[in-house]
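The values are calculated or read from the model by the stated rules, or taken from the named source; none is laboratory data. The shown structure was predicted, so the numbers you read here are calculated from the model rather than taken from an experiment. When we count neighbours, we look across all protein chains shown, and the Cβ atoms used for this are built from the backbone with ideal geometry, even at glycine. For accessibility, only protein heavy atoms count, side chains too; no ligands or nucleic acids. Shrake-Rupley method; radii C 1.70, N 1.55, O 1.52, S 1.80 Å.
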Amino acid sequence: MAITSRRDVLRYSAAGVVTAATAAVGVQGVTSADSAAAPQSAAADPRDFDETYKRKKIKGKHNAGGKHELQINNRKLALTSISTLFFPEDGSAPHVGVGYISAVNHYDPVEIDETANRDGLKKLAKKIVDILGDAELSDEAAQEHRH
Amino acid sequence: MAVVRKSVAAMTTAEKTAFINALRQFKTTSVSGRSYNAYIDLHITFFARTSDGISHAHQSASFLPWHRAFLTMLELDLQTVSGNPDIFIPYWDWTGGASPFTADFLGSITNGSVSSGNFSPSWGWSIYRSSIATSFLQRRLGMNASSPSAATVTTVQGVTVYDQSPWDPTVFNSYRNRNEIELHNRVHNYVGGHMGTREAPNDPVFWLHHCNIDRLWWQWQATRGIDTYQPRTGFTSGVIDNTETMRPFSTATTPSAVRDISNLDYSYA
């Protein structure tokens, strides 16, 4: 049952990532609340960004519980997180991680965490801009859904 | 009527024309209470977890039988709308061979807006519920991913367990999940544009891709056994059991009921 054991290890390690991420956000919240800068604490994640990529404005905000937000040219793209296997194209070993999908990258989850994939949300934003080309997101892209 | 689903490579010009014209006709003509766009609605609705707490179409055990039923329903609707009982859904073997993206079939533009030729608006193909604000079908072949290799197909086809708990995208030792992620997802991303979106049936190649996925499952069944769906009856929470009806299909459209394609009036050549 080597494969099963490996899968379980992968799953547990994925759960570990989620827990660690949640814990880190929690600690950050407590620290902010104790400081004089409390009113700005909600926007304090250093991974947040607001910049231009290929003539489109990309804006990403990281929130507690992994409920991240993304806007492209001020239009919302609803994100859904799923726990899923990844088969990296660089040939590295398959692993389970937390990936983010949307209406636009529906079969192509992008990993976002606070360690190896801390730039995941920006990577996702750029991927969407590349897919959009000259077009913009429509209202359909902003609709939330559950997996 | 029983049909033989052929490879794109084996289709005659007349068969290609009949297939694309039936799709175009179904865009604007209702049969059995639905037209083509209903399939886009169904794909969007049943991709998400529905109110019964089940993911019917994707990221779950019923991924393969759900799409088998979905394709069978469309094939019948195309036969009905065109009055041609010989219409079949062809399959696209994306590991090599004939491309469906030709001027005489699904259109030859694969690097952005399909603005002319087959499946352009002027040809008669409108886009529905697009998450990309556009009136043109979008394709970006190869921009985001490469197509699966024959070696990857062999590896996936070699997984002997149909599926197992937790019946989701994390299972490694699962034919269903490996097919879904390594083959199915990757080809959606390889074609790109609308094929990479939740509303993927806007691109008619959706059907040719899923036909190949269904063919691979049927080949897998020929080796591992036709009656191999998991989970078996037992009302596994949040998952379609072998004898549980898959929504939105008619009552008794269960994984068990669609396991044998010889009972579904089609075969593969």
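Computed quantities for the displayed model
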read-out	value
Table column - 3J(HN,Hα) (Hz), the stretch A:88-93, Karplus curve with 6.51, -1.76, 1.60, x for Gly and Pro	x, 5, 7, x, 5, 4
Extension gain from B:PHE235 to B:SER126, taking 0.36 nm per residue of separation minus the Cα-Cα distance	35.1 nm
A:GLU69 accessible area, 1.4 Å probe, all protein chains in place, Å² to nearest 10	100 Å²
Alpha-carbon Rg/Rh ratio, for chain B, with Rh computed the Kirkwood way	0.94
Those residues of the stretch B:252-269 whose amide nitrogen sits under 18 Å from the label point placed on B:ALA98, 7 Å along Cα→Cβ	B:267-269
Inter-site label distance for A:HIS95 and B:THR80 at 7 Å from Cα along Cβ, in nm	5.0 nm
For the stretch B:126-142, 3J(HN,Hα) per residue [Karplus equation, 6.51 cos²θ - 1.76 cosθ + 1.60, θ = phi - 60°, Hz, x = Gly/Pro]	9, 9, 10, 6, 6, 7, 9, 6, 7, 9, 9, 4, 10, 9, 9, 4, x
Segment B:THR29-B:ALA269, extension gain: residue separation times 0.36 nm, minus the distance between their alpha carbons	83.4 nm
D (Stokes-Einstein, µm²/s), Kirkwood Cα radius, the stretch A:42-108, 0.692 mPa s at 37 °C	241 µm²/s
The protein assembly as shown, helix-only ellipticity at 222 nm - DSSP H runs n ≥ 4, -39,500 (n - 2.57), divided by all residues, nearest 500	-10500 deg cm²/dmol
Inter-chain shielding of B:179-185 (mean C-beta neighbours from other protein chains, 10 Å cut-off)	3
Distant-in-sequence amide H partners of A:VAL96 (H built 1.01 Å from N, under 5 Å)	A:PHE86
For the stretch B:169-176, Karplus couplings with θ = phi - 60° (6.51, -1.76, 1.60), whole Hz, Gly/Pro x	x, 9, 6, 7, 8, 8, 4, 4
Probe 1.4 Å, all protein chains present, accessible-area order of B:ILE87, B:ILE226, largest first	B:ILE226, B:ILE87
Loss of accessible area when B meets A, both sides summed, Å² nearest 100, probe 1.4 Å	3200 Å²
Apportionment of accessible area to carbon and sulfur, the protein assembly as shown, percent (1.4 Å)	52 percent
Cα-based convex hull, the protein assembly as shown, per residue volume (Å³, whole number)	145 Å³
Model label zone, B:ALA222; criterion: amide N under 17 Å from point 7 Å along Cα-to-beta-carbon; scope the stretch B:244-269	B:259-269
Accessible area of B:THR155 in the full protein assembly, 1.4 Å probe (Å², nearest 10)	80 Å²
The stretch B:1-143 - convex hull of alpha carbons, volume per residue in Å³	143 Å³
Degrees, to the nearest 10: B:36-47 long Cα axis against longest axis of chain B	30 degrees
